[in-house]
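Input: a single structure, listed below in structure tokens.
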Amino acid sequence: MGVPGLTGFVEECGASFAELRVRDTKLVIDGSSLYYHLFFASAADFRRGGDYGPFAAAVDEFFAVLRSCGVAAFVVLDGGRGAADRKLGTLRERAAERLRRAHGLSRGEGGRVLPLLARHAFVQALRRAAVPFVQCWAEADREVAALANRWGCPVLSLDSDFFIFELAGGYCPLSAFLWRDVRAERSGRYIPARRFQAESFCGRFGRLRRSVLPLFAVMSGNDYVDVTEFEGFLGEVRLPGRHGRARGLLGWLAGFAGPEEAADAVLKRLGRRRRDAVRELLRAALEDYAPSQVNLEEFFLEGRYRCEEAEASGLPPWLLGALARGELAPLVGNVVTLRSTFLHVQVEDMRRPSAHCCALPIRRVLYGLLLCTAPRAEAQPQSQSGALPAVCEFDRAQKSVKKTFVQAASLPAPFGEDGFSLAKLVEVPVSQRQLLLLETLGVKMSLLESIPAHLQLPVAVTCYWTRCSEPKVNLHHLKALLLMIVSGELHRITDDPDLTVLHPEDNSTAYNEFLKWKEEKLQNKDFDLDAAHGFCQWQCCLEMGLYLNQLLCSPLPEPDLA
């Protein structure tokens with residue numbers, strides 16, 4: 001995220017941070033940075049694709065500490081890719097890098113990969129902890145900056161773009177936010193932190209003005225701009241030594257009164273044929289560092305998320321509201337607006353087809369609901385042959401990321417009838433929505449009636465997995481999965497003082513035995529790639545089962561992933 005190498009460069013410059021005691025304040029948090037940071041700090045194992053329990057516990061502890069210091073946290077999450085899809089190239093590069101890391105982990109090498117359901121587990125943890133949060137329509141950076149400036153409070157993130165935004169309350173990097181080291185004094189408890197001082201940073205480069213930092217970020221290359229666009233020019237200003245390009249560019253920019261004057265000087269150094277294209281590139285890229293017009297305060301006070309681009313998508317109000325509340329995944333917006341989605345690779349057997357292949361029939365039904373019932377039929381034409389719409393999926397093929405086109409499923413009545421639309425989905429009786437979900441998973445409700453309600457969806461997904469996985473599920477893999485579901489239940493009932501259960505001492509003893517057994521397994525460096533691949537398939541099925549259940553307005557209760 002952000003400008004490559006900028007965080008390290010700012011740290012090495014020194015004297016660009018001020019000590020901050022965080023207490024009795026609002027705090028706007030970049031949700032994507034936070035869940036990456038907390039997961040990697042809490043996980044004991046990165047190969048087996050889980051550890052959601054310790055992660056959720058870390059999220060709970062983090063926000064409990066903030067509350068104890070009088071900090072009112074507001075979390076802002078990234079949404080989809082946006083209609084312009086300007087980050088597509090960057091996202092493909094990141095998908096390829098994730099695949100390389102996952103492949104290394106599968107071979108016993110080091111590295112870290114966020115497991116498939118970590119974001120969803122994070123959202124569930126926010127709900128449990130009653131932390132206010134919003135999921136933006138697209139990238140959240142500009143909306144984070146606008147909200148923090150409206151309230152005059154700090155931003156907490158790990159995204160180096162926040163060194164560039166002009167923030168009234170400043171930017172606190174998560175790496176210097178010592179929430180596990182709370183201190184107390186007479187006036188109360190506080191979290192030691194550091195806040196970036198833009199003026200001090202600029203002062204190290206002569207008369208460098210704060211207003212030209214966005215141009216510096218754009219020319220250094222970020223998520224939207226390829227640095228090769230300015231390679232020739234950067235070669236001219238580069239200084240010798242470490243971070244020579246950054247130091248040289250900042251020194252050169254110090255000679256200008258503002259970004260417009262500096263941008264004109266850059267354009268004059270380019271050939272006439274490239275000027276118009278680069279001028280438009282700079283214009284669009286500089287807007288990325290201007291605070292958004294979306295008023296998130298209105299969402300947090302009144303529950304209304306108003307975004308021009310979201311409203312232009314044609315999606316019905318109930319669905320836009322569900323997206324803003326995090327009740328639907330960003331995949332929904334990407335499929336409707338772009339007909340495209342990324343399927344994240346896990347630590348799986350790279351010699352076999354992607355683990356996501358197992359969940360393909362579920363995704364096809366999901367695409368059918370989103371596209372065959374879309375509100376703007378004129379914007380999503382079917383082919384002359386009457387073929388159903390298709391979605392471009394970016395997924396693993398062997399050891400590379402490839403795109404394939406997947407056709408949406410034809411849906412039964414009432415979902416597939418002429419005149420049906422997404423706007424009417426909430427009006428369909430819950431029994432019919434539940435039936436579509438269960439038929440997709442190949443399970444009858446009579447099979448699930450004896451199962452506790454909160455486990456019905458995982459059990460239905462497990463039945464689907466045993467039928468559709470390739471290679472077929474082994475009995476001991478199924479037993480292992482059921483054993484861990486039992487372990488999760490034991491954790492739930494021993495951790496909740498309000499639950500009344502039979503034989504609580506026996507439950508506690510059994511759960512402690514599970515914990516000892518798990519610790520012993522983690523000490524064992526053996527890694528069963530066949531088992532890992534099978535469980536990756538199960539997580540893919542659970543992910544898409546969750547998404548389909550959400551889109552159908554939850555005819556089955558959502559399971560607690562932690």
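Count, please, the residues in segment 12-32 that happen to be surrounded by 21 or more Cβ atoms within 10 Å (Cβ to Cβ) and either within 28 Å of VAL347 (Cα to Cα) or without any contact (Cβ under 8 Å) to a residue 40 or more places away in the chain (or both).
Within segment 12-32, residues that are surrounded by 21 or more Cβ atoms within 10 Å (Cβ to Cβ) and either within 28 Å of VAL347 (Cα to Cα) or without any contact (Cβ under 8 Å) to a residue 40 or more places away in the chain (or both) number 3.
Filter the strands (runs of 3 or more DSSP E) completely within segment 118-202 down to those with at least 2 residues that are under 25 Å from the mean Cα position of the chain (by Cα) and under 25 Å from ARG306 (Cα atoms).
Working: elements: 133-135, 155-157, 171-173, 183-185, 188-196.
Output list reads 133-135, 155-157.
If you check GLY104, GLY108, GLY152, which single one turns out to be under 21 Å from LEU66 (Cα atoms) and small (Gly, Ala, Ser)?
Answer to the selection: GLY152.
Return the total of residues in segment 394-432 being crowded, with 17+ Cβ neighbours inside 10 Å, touching a Leu at 6+ places or on another chain (Cβ under 8 Å) and part of a loop (DSSP other than H, G, I, E, B).
4
Find the residue count for segment 515-555, including only residues that are within 16 Å of LEU369 (Cβ to Cβ) and either hydroxyl-bearing (Ser, Thr, Tyr) or assigned to a loop (DSSP other than H, G, I, E, B) (or both).
Result for segment 515-555: 5.
Every residue in segment 284-310 that is open to solvent by 40 Å² or more (accessible area, probe 1.4 Å), within 18 Å of PHE162 (Cα to Cα) and within 22 Å of the chain's Cα centre (by Cα), please.
Of everything in segment 284-310, just one residue is open to solvent by 40 Å² or more (accessible area, probe 1.4 Å), within 18 Å of PHE162 (Cα to Cα) and within 22 Å of the chain's Cα centre (by Cα), namely PRO291.
Find all pairs meeting these conditions: Cβ atoms under 6 angstrom apart; at least six residues apart or on different chains; first residue within segment 432-444 and in the same structural domain as TRP465 (by the TED database); second residue of a type in the set (Ser, Thr, Tyr).
Short answer, once both residue conditions are applied: LEU441/TYR464; GLY442/TYR464.
Quick one: which helices (runs of 4 or more DSSP H) lie wholly within segment 255-357 and hold at least 1 residues that are touching a residue at least 60 places away in the same chain (Cβ under 8 Å) and aliphatic (A, V, I, L, M)? Spell out how you get there, then give the answer.
Details: elements: 259-268, 272-287, 296-302, 308-312, 317-324, 330-338.
Here the list reads 272-287, 296-302, 308-312, 317-324, 330-338.
Quick check on segment 358-375: of everything there that is in a helix (DSSP H, G or I) and β-branched (Val, Ile, Thr), which residue is least open to solvent (accessible area, probe 1.4 Å)?
Here the answer is ILE362.
Can you pull out the residues in segment 316-355 that are on the phi > 0 side of the Ramachandran plot and basic (Lys, Arg)?
Within segment 316-355, ARG339 is the sole residue that qualifies.
Please enumerate the residues belonging to segment 458-473 that are open to solvent by less than 70 Å² (accessible area, probe 1.4 Å) and either in contact with a Lys or Arg (Cβ under 7 Å, 6 or more places away or on another chain) or not aliphatic (A, V, I, L, M) (or both).
PRO458, THR462, CYS463, TYR464, TRP465, THR466, CYS468, SER469, PRO471
Of the numbered conditions (1) part of a loop (DSSP other than H, G, I, E, B); (2) over 30 Å from ASP530 (Cβ atoms); (3) open to solvent by 20 Å² or more (accessible area, probe 1.4 Å), GLY110 satisfies every one except a single condition; which is it?
Among (1) part of a loop (DSSP other than H, G, I, E, B); (2) over 30 Å from ASP530 (Cβ atoms); (3) open to solvent by 20 Å² or more (accessible area, probe 1.4 Å), the lone unmet condition for GLY110 is (2).
Restricting the first residue to segment 114-140 and requiring it to be within 15 Å of GLU558 (Cα to Cα) and open to solvent by 10 Å² or more (accessible area, probe 1.4 Å), which pairs with a second residue that is of a type in the set (A, V, I, L, M, F, W, C) and in a loop (DSSP other than H, G, I, E, B) meet a Cβ separation below 8 Å and a spacing of at least six or different chains?
HIS120/ALA329; HIS120/LEU561; GLN124/LEU561; GLN124/ALA562
Identify, by number, the condition in (1) touching a residue at least 40 places away in the same chain (Cβ under 8 Å); (2) buried (at least 20 other Cβ atoms within 10 Å of the Cβ) that GLY206 doesn't meet.
Failed condition: (2).
Does GLY241 satisfy being out of contact with any Pro (no Cβ under 9 Å at 6 or more places or on another chain), at positive phi and either assigned by the TED database to the domain that holds ASP159 or open to solvent by 30 Å² or more (accessible area, probe 1.4 Å) (or both)?
Considered against the rule, which asks whether it is out of contact with any Pro (no Cβ under 9 Å at 6 or more places or on another chain), at positive phi and either assigned by the TED database to the domain that holds ASP159 or open to solvent by 30 Å² or more (accessible area, probe 1.4 Å) (or both), GLY241 comes out as yes.
Return yes when GLN124 is closer than 18 Å to GLU297 by Cβ and either modelled with pLDDT under 95 or not assigned by the TED database to the domain that holds GLU543 (or both) and no when it is not.
For GLN124, the condition - closer than 18 Å to GLU297 by Cβ and either modelled with pLDDT under 95 or not assigned by the TED database to the domain that holds GLU543 (or both) - is not met.
Can you report the number of residues in segment 19-35 which are more than 14 Å from TRP179 (Cα to Cα) and either touching a strand residue (DSSP E or B) at 6+ places or on another chain (Cβ under 6 Å) or not charged (D, E, K, R) (or both)?
Result for segment 19-35: 8.
Mind checking which residues of segment 435-488 are of a type in the set (Asp, Glu) and assigned to a helix (DSSP H, G or I)?
Residue satisfying the conditions is GLU439 alone.
The values are calculated or read from the model by the stated rules, or taken from the named source; none is laboratory data. Owing to the predicted nature of the structure, the values given are computational and were not obtained by experimental measurement. Every residue, glycine among them, receives a Cβ derived from its backbone with ideal geometry; neighbour counts consider all protein chains shown. With ligands, DNA and RNA removed, areas are computed over all heavy atoms of the protein, side chains included. Shrake-Rupley method; radii C 1.70, N 1.55, O 1.52, S 1.80 Å.
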